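J.: I have a structure here, written as structure tokens, and I will follow up with some questions on it.
The values are calculated or read from the model by the stated rules, or taken from the named source; none is laboratory data. As the structure is a computational prediction, the values presented were derived from the model and not from experiment. Neighbour counts run over all protein chains shown; Cβ positions are idealised from the backbone, glycine included. Remember, those area values only see protein heavy atoms, side chains included, never the ligands or the DNA or RNA. Shrake-Rupley method; radii C 1.70, N 1.55, O 1.52, S 1.80 Å.
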Amino acid sequence: MKQLRWIWILAAAAVLLTVLFIIVDKRSKDQEEKAKIGEPKQLFQIDPDDVTSIELNNEEGRTVFTWKDYSWQVTEGEDFNVNVYAVNALCNYFCDLKSLKTVAFDCEKTSIYGFDDPITIKVFTTDTDQDHPYVLYVGDSTPTYDAYYAMLDGSNDVYTIDYNSGTVFCSNRNSLKNRYLFDVSSALINYYKVEKDDKLVLECRRKKEDNLWEMLQPGTFRLSDAEMNDLMDVIVRVQIAGFVEDNPEDLAKYGLDHPHTKVWLKAASGDTVTEEELWFGDLISSNESETQIYGYYANSKQVFRINRAETSFSDEKLIDLMYPYCVEPDIEKLETLEIDMGDVYDLHETLYLDYEKGQYSLGETDITALKDDEIMQLYQAFYRSIATLSFSDVNLDAKPDTDQEPAIRIIYTEKDGKTLTLHLLKKDETNFYLMKDGKYSGLIVRLHNLTGAGGITDRYRMLTEKLP
């Protein structure tokens, strides 16, 4: 009887242990399941190439970025120049977003995580319609600032996402703006205009037929394509220091009600045209060492700060952008070149030129017949000193006395009889007005350009000293 009782006791103990094991095992499995549910999970997995637009809603309002013409553009909301790289980052982080963990399932009080007024991001793709985008809500950062809280549309589960992603999603408008003053390839710029104190300095464009720069105003002088291209290279590298205000009501406090400089730029790539009107105003402070001034995007109405040195491109003098020579003779077409320096210098000669046959003379002296390489080189240098006579200033407002006797005459005659006559009228003791075929050209020629080292008189003297 006693033995039977022990058997019952052992059996009961075995049953109890089995029940306890089952209970513990179930609890362990439940905990494991909950742990797995709370583990990192893929929130979005989207091909970025499929994204057509991104809608960002934050305390600054609603902004929609749309992929158009191979770039992100603001299509709804306050307009601004987009930092394509910043919006690309926003897109890429969204399209491959993972959670760190799930901090609350079916949360009833999401406000404690900052979801009373969350940042809302909607992503539209080629596979979604306008009513069913991918939606992400971003709340507060965690107390330890190592993550952000996030939620998905249609669920009350609260996740944490990495701090870097959260920071990108919390980008404000200024961080999404392009810091480059005019963000295009310099080769695409086809129009440039500058005004200083309401006075036109330069207006020019690229010609469609040969892509070379031509001046529209203040005259029709030939521009140096190399100098203009260098200037465009400088402009596209300029960056602004920061943004100040959008849609300002009072431009006067920035000195932009009457800006001292205005710049217009246009660029074209296929059918896509990019235009900007830029204004520059006051220094941002009265500090004597202040280096920044206020600028303004007139099209999008944005005030910004920029280092004053960065705007020096608009101070380029007209003369420094022009083709530097008074005329552009074509030696292949020329028959004669006559120069008379009057009382300025004892030089009155006629150069006879036959480029095709290689026949050259100075007056009655047959340079070719001398068969002297040194003399031929000196003759050519003398010709170039005349043909490449450079001007020293531009003065379109001058009123030279055209009735006065020219101090210097230069006449180019082509084989077909066409002539170009240059008259240099005395302006003062060291400068001359340049007349072309009886009309004032707007150019001033310094005496030194004719008589200085390497000039016309210098090359003439070197040539005549070698002639037999």
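J.: Quick one: Karplus J couplings for segment 96-108, per residue in order, coefficients 6.51, -1.76, 1.60, θ = phi - 60°, nearest Hz, x for Gly and Pro?
T.: Once θ is set to phi - 60°, the couplings for segment 96-108 become 9, 9, 10, 8, 7, 6, 9, 9, 7, 9, 6, 5, 8 Hz.
J.: Sticking with this one: Note down the Stokes-Einstein diffusion coefficient of segment 36-131 in µm²/s, whole number, using a Kirkwood radius over alpha carbon pairs, 20 °C, and 1.002 mPa s.
T.: It diffuses with D of about 142 µm²/s by this estimate.
J.: Using 0.36 nm times the number of residues separating Ile319 and Asp140, minus their current alpha carbon distance, what extension gain do you get?
T.: 58.6 nm is the gain from fully extending Ile319 to Asp140.
J.: Here's something else I'd like to know. Probe radius 1.4 Å, ligands and nucleic acids ignored: give me the carbon and sulfur share of the accessible area of the chain as a rounded percent.
T.: Answer for the chain is 47 percent, counting heavy atoms of protein chains only.
J.: Calculate the spin-label point distance for Lys415 paired with Lys98, positioning each point 7 Å from the Cα along the beta-carbon direction, and give it in nanometres.
T.: Taking the two extended label points, one gets 7.8 nm.
J.: Based on the Cα coordinates of segment 207-261, what is the per residue volume of their convex hull in Å³?
T.: Expressed per residue, the convex hull around the Cα atoms of segment 207-261 is 153 Å³.
J.: Treat each spin label as a single point 7 Å out from the Cα along the C-beta direction, and report the Glu277 to Asp131 distance in nm.
T.: So the two model labels end up 4.3 nm from each other.
J.: To continue, here is another question. For segment 238-318, calculate the relative contact order in percent as a whole number, restricting contacts to Cα pairs under 8 Å that are 6 or more residues apart.
T.: In percent, rounded to a whole number, it is 34.
J.: For Arg409, what is the net charge nearby, where nearby means another residue's Cβ is under 11 Å from its Cβ and Lys, Arg count +1, Asp, Glu -1?
T.: -3
J.: Could you tell me the relative contact order of the chain? Use alpha-carbon pairs under 8 Å, at least six residues apart, and round to a whole percent.
T.: Taking the mean separation of contacting Cα pairs over the length of the chain, I get 8 percent.
J.: Would you calculate a helix-derived [θ] at 222 nm for the chain, using -39,500 (n - 2.57) for each DSSP H run of n ≥ 4 and dividing by the full residue count, to the nearest 500?
T.: Roughly -7000 deg cm²/dmol at 222 nm, from the helical runs in the chain.
J.: Still on this structure, please answer the following. Under unit Cβ charges (Lys, Arg +1; Asp, Glu -1), what dipole magnitude, rounded to 20 debye, does segment 83-164 have relative to its Cα centre?
T.: 220 debye
J.: Let me ask another. Which order do peptides 121-128, 356-363 fall in by mean Cβ count within 10 Å, highest first?
T.: 121-128, 356-363
J.: On to the next question. Mind giving me the nanometre distance, one decimal, between the label points for Ser185 and Asp372, set 7 Å out from Cα along Cα→Cβ?
T.: 5.4 nm
J.: Calculate, in nm to one decimal, what Asn88 and Glu60 gain on full extension: separation in residues at 0.36 nm each, minus their alpha carbon distance.
T.: 8.1 nm
J.: Which value, in debye to the nearest 20, describes the size of the charge dipole of segment 270-340 about its Cα centre when Lys and Arg Cβ atoms bear +1, Asp and Glu Cβ atoms bear -1, and nothing else is charged?
T.: My answer is approximately 620 debye.
J.: Is any helix in the chain, taking whole DSSP H runs, at least 18 angstrom long along its axis by alpha carbon and on average at least 0.0 on the Kyte-Doolittle scale, and which ones?
T.: The qualifying helices are 2-37.
J.: About the Cα centre, and with charges only on the beta carbon of Lys, Arg (+1) and Asp, Glu (-1), how big is the dipole of the chain? Nearest 20 debye, please.
T.: The dipole of the chain has a size of about 2020 debye.
J.: Which length gain, in nm to one decimal place, applies between Ile112 and Glu288 when the Cα-Cα distance is subtracted from 0.36 nm times their residue separation?
T.: 58.4 nm
J.: For segment 47-102, calculate the relative contact order in percent as a whole number, restricting contacts to Cα pairs under 8 Å that are 6 or more residues apart.
T.: RCO, segment 47-102: 25 percent.
J.: Something else about it: Can you tally the lysine pairs in segment 334-459 where the Cα-Cα distance is under 29 Å and the two residues are eight or more apart, or on different chains?
T.: Lysine pairs meeting both conditions in segment 334-459 amount to 19.
J.: For Lys101, enumerate residues with amide H under 5 Å from its amide H, sequence gap 5+ or separate chain, H modeled in the peptide plane.
T.: Under 5 Å from the amide H of Lys101 lie the amide H atoms of Thr160, each far enough along the sequence or on another chain.
J.: Where Lys and Arg each count +1 and Asp and Glu each count -1, what net charge lies around Val263 among other residues with Cβ under 13 Å from its Cβ?
T.: So the surrounding residues net to -4.
J.: Given a Förster distance of 51 angstrom, what is the FRET efficiency for Gln404 paired with Ser312, based on the Cβ-Cβ distance and rounded to 0.05?
T.: E between Gln404 and Ser312, to the nearest 0.05, is 0.80.
J.: Determine the per residue accessible area of the chain with all protein chains present and a 1.4 angstrom probe, expressed in square angstrom.
T.: 57 Å²
J.: Place +1 on the Cβ of every Lys and Arg and -1 on the Cβ of every Asp and Glu in segment 139-234, take the dipole about the Cα centre, and give the residue among Met228, Met151, Leu216 whose Cα lies farthest towards its positive end.
T.: Value: Leu216.
J.: Taking the Cβ of Tyr345 as the centre, find all other residues whose Cβ is under 13 Å away and add up their charges (Lys, Arg: +1; Asp, Glu: -1).
T.: The answer is -2.
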